[in-house]
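The values are calculated or read from the model by the stated rules, or taken from the named source; none is laboratory data. Just so it is clear, the model here is predicted, and its values are computed rather than measured. All Cβ positions, glycine included, derive from the backbone under ideal geometry; neighbour counts span all protein chains shown.
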Amino acid sequence: MRTCRGGADPADVRRSPEGGLVDVLGTAAMVLDTEGRIALWSPQAERLLGYTPQEALGRYAAHVMVDEEHLDLVLRLFSEVMSSGEAWSGTFPVRCKDGSTRLLEFRNMRLQDDRGDFYALGLATDGATLRQVERDLALSVRLVDQSPIGLAVLGKDLRYLAANPALERMNGLSAAEHLGRRVGETLPFLDADAVESAMREVLRSGVPQVSHHVEGRTPAAPDTDRAWSMSLYRLDDSGGQVLGLAVSLIDVTDHHRAAAEAERARHHLALVADASVRIGTTLDLEQTARELAEVTVPELGDVAAVDVLDSVLNGRPRRTEGPAFFQALAVVAARPTPVVGAADPPGRPAQYGADRLITLCVRTAKPVREPFLDAEKLSRIARDSEAAQVLAEAGAHSYLAVPLIARGEVLGVLDLIRTDNPLPFTENDEVLACELAARAAVCIDNARLFRQQRETALTLQRSMLPSNHHRPVGLDVASRYRPAAARYEVGGDWFDVIPLREGGSALVVGDVMGSGINAATTMGRLRTATQTLSRINLRPAEVLRHLDEITAGLDPWFATCVYAVYDPVLNTCRVSTAGHLPPVLIPAGGPPGLLDLPAGAPLGVGGVPFSDVTFDFGPGDRLVLYTDGLVETRDQDIYARLEALRELLREPDPSLEESCDRLLRKLRDPSHHDDVALLMAQVRD
């Protein structure tokens, strides 16, 4: 098929619907012969001036449409057009059939037919209508050109047909560089597939998409992420034919950044609030460090480690020069990774030179942030070259270390490494890490001080307990002391085996209410007082009465105690108790039973009488004295626990030592929240 000039295919020719620009203007056409008579008259001319073809054709146009006062001017203009062939355009008043005058916009030109005859073609439209259209068009053009909103028109093939100056500035491309190209061709940094998918949906459905969020980069700023609010509208003509698509773009980068910053701030506060709840749940040093590491993974880093200066843990002065000695307390990773193996194992001391980043962090008490890691920087992070190689192979690409500072002292460092998170550590990350470290450092320092105090109390406690028993006359003895778990303070539990002048032995188990150094000190005083009182041949009830007076002077301390005296001559045992749990007697060949003793008041209450009970204690009999840490738990009744103790003692063991170990293994609370003192005695055959 032959195509028309300009490349248009005849198949593209279609009938235009009514309501187009030509129809809005209502352009009238009339043809005059060389004499000025009307030869042709269009329906639009009839609608514009009111004359029917019968009333106009064959008549002189000047006589029909022009007032007398304008006749000479019209004839002169007509003559110029017909003689020179130059077109004339302008505004002229024309008389309508109803006698009114209308100001028309004319375009007059000379025509020639195939015989060489000339005619005059006049095209006219209402001047007021034309002015309105011109004003509307000028307003539309100015709105488009001066709008701060990027505007574009795309055809049905999604290629640009027009772009306003604002869009040129946004994209860094001229309007000419947009024309004929698709979105992905002009803006390769955008997700063009998603954008064009939205455009096709609007073309298909006709339903606008408003405020569609788009992010990317443009040639105007290829290194900067931008954000736009995009709205899409389908363009239809008056006949419903789809013409294409209108696109409006508003740059919302600042708003997007502000919203992102606000979201980061909310996340920041949420993480800090979460840390306040999750860090410091106990006074266990390792658990507190692990809680800090867990809070930061994976929110800040993919791997986190908490390292404390060895000098801080051991109470030695910290060096200011040379290498630094650390002890790792916790290492946490978001997923299994070789990076954990490259970190220092918890509990093992490590030395780092003065040039290492972790050393720099504690020396300066300032954060150290390395957004991008190369081989040289990795060597300043890892403990050795092999660990540096592991970090490199695992994809470690960004590092952040922040000091743990509490009460003005640098305790250690929180180390963070990114492997999976592709973004480098930023200043915002550093601020957040410092805030978390500052909060956690106080908890870590509290746990450290608690550990030191606990170790001091434990040392004092053990120094006051008998290191080994003398061999009492007629008795085999075994004992155990077990402190509370590391996260709990040491209590005031004690036991003692005291030789008496008459050849017997005093068996003592007590428990000072409270914990810590003061409780251990009070325990030591009571143990010393008990040993002293035992040597003046007092009955158990009298010993407890004196101990009660002594304890009352140690206000506000209280203690429970059971005091038993074994007589190897009479094979008896006399027992008195001050608010303590009853001992268990296991007769040779018989079932164990709890001794039925007057409970008595705890030592320190004051003014309460004590009494004692005597029972047979012959060859093969066993006596078990203990503190409440052996049987008490937080979820079981004490009577049920005492019954469990009695049932366990039904099973004989080959030795007292094995019995002690089995009782601790079977009965002691797994949380170890309290101390245990256990003393067993058996009469030798």
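The set of residues in the range 158-182 being part of a loop (DSSP other than H, G, I, E, B) and more than 14 Å from VAL247 (Cα to Cα) consists of GLY172, LEU173, SER174, GLY180, ARG181. Would you please name the residue that is nearest to the chain's Cα centre (by Cα), looking only at residues in the range 516-531 that are small (Gly, Ala, Ser) and either assigned to a loop (DSSP other than H, G, I, E, B) or crowded, with 23+ Cβ neighbours inside 10 Å (or both)? Filtering first and then ranking leaves GLY516. Among the residues of the range 226-275, just one is farther than 22 Å from VAL153 by Cβ and of a type in the set (S, T, N, Q), namely THR253.
The condition (being free of Cβ contacts under 8 Å to residues at least 24 places away in the same chain, buried (at least 16 other Cβ atoms within 10 Å of the Cβ) and not basic (Lys, Arg)) is satisfied by just one residue among ALA328, ALA396, ALA342, ALA333: ALA328. Of all residues in the range 265-288, one or more are touching a Gly at 6+ places or on another chain (Cβ under 7 Å) and part of a helix (DSSP H, G or I). As a summary of the residue check, THR320 satisfies the conditions (1) modelled with pLDDT under 90; (2) in contact with a strand residue (DSSP E or B) (Cβ under 9 Å, 6 or more places away or on another chain); (3) among the hydroxyl-bearing types (Ser, Thr, Tyr) except for the one numbered (2).
Please find, among VAL202, VAL195, the residue that is part of a helix (DSSP H, G or I) and over 21 Å from ARG226 (Cα atoms). Only one candidate passes the filter, namely VAL202. Is it the case that some residue within the range 468-477 is at pLDDT 85 or above and either part of a helix (DSSP H, G or I) or in contact with a His (Cβ under 8 Å, 6 or more places away or on another chain) (or both)? Looking for residues that are at pLDDT 85 or above and either part of a helix (DSSP H, G or I) or in contact with a His (Cβ under 8 Å, 6 or more places away or on another chain) (or both), one finds at least one in the range 468-477, hence yes. Could you look through the range 251-276, keep only residues that are surrounded by 17 or more Cβ atoms within 10 Å (Cβ to Cβ) and at pLDDT 80 or above, and pick out the one that is nearest to ILE444 (Cα to Cα)? Of everything passing the filter in the range 251-276, ALA275 is nearest to ILE444 (Cα to Cα).
The number of residues in the range 108-126 being crowded, with 16+ Cβ neighbours inside 10 Å and either farther than 16 Å from GLU35 by Cα or in contact (Cβ under 8 Å) with a residue 40 or more places away in the chain (or both) comes to 8. Note on the range 356-385: among residues that are in contact (Cβ under 8 Å) with a residue 24 or more places away in the chain and among the charged types (D, E, K, R), the one that is farthest from VAL308 (Cα to Cα) is GLU370.
Here the condition is being under 19 Å from ALA275 (Cα atoms), at pLDDT below 90 and in contact with an Asp or Glu (Cβ under 9 Å, 6 or more places away or on another chain); of ASP445, ASP415, it holds for ASP445 alone. None of LEU630, LEU570 is in contact (Cβ under 8 Å) with a residue 40 or more places away in the chain and hydrophobic (A, V, I, L, M, F, W, C) except LEU630.
The residue that is surrounded by the most Cβ atoms within 10 Å (Cβ to Cβ), counting only those in the range 642-685 that are over 25 Å from PHE617 (Cα atoms) and basic (Lys, Arg), is ARG668. The set of residues from the range 51-83 being of a type in the set (Gly, Ala, Ser) and surrounded by 16 or more Cβ atoms within 10 Å (Cβ to Cβ) comprises ALA56, ALA61, ALA62.
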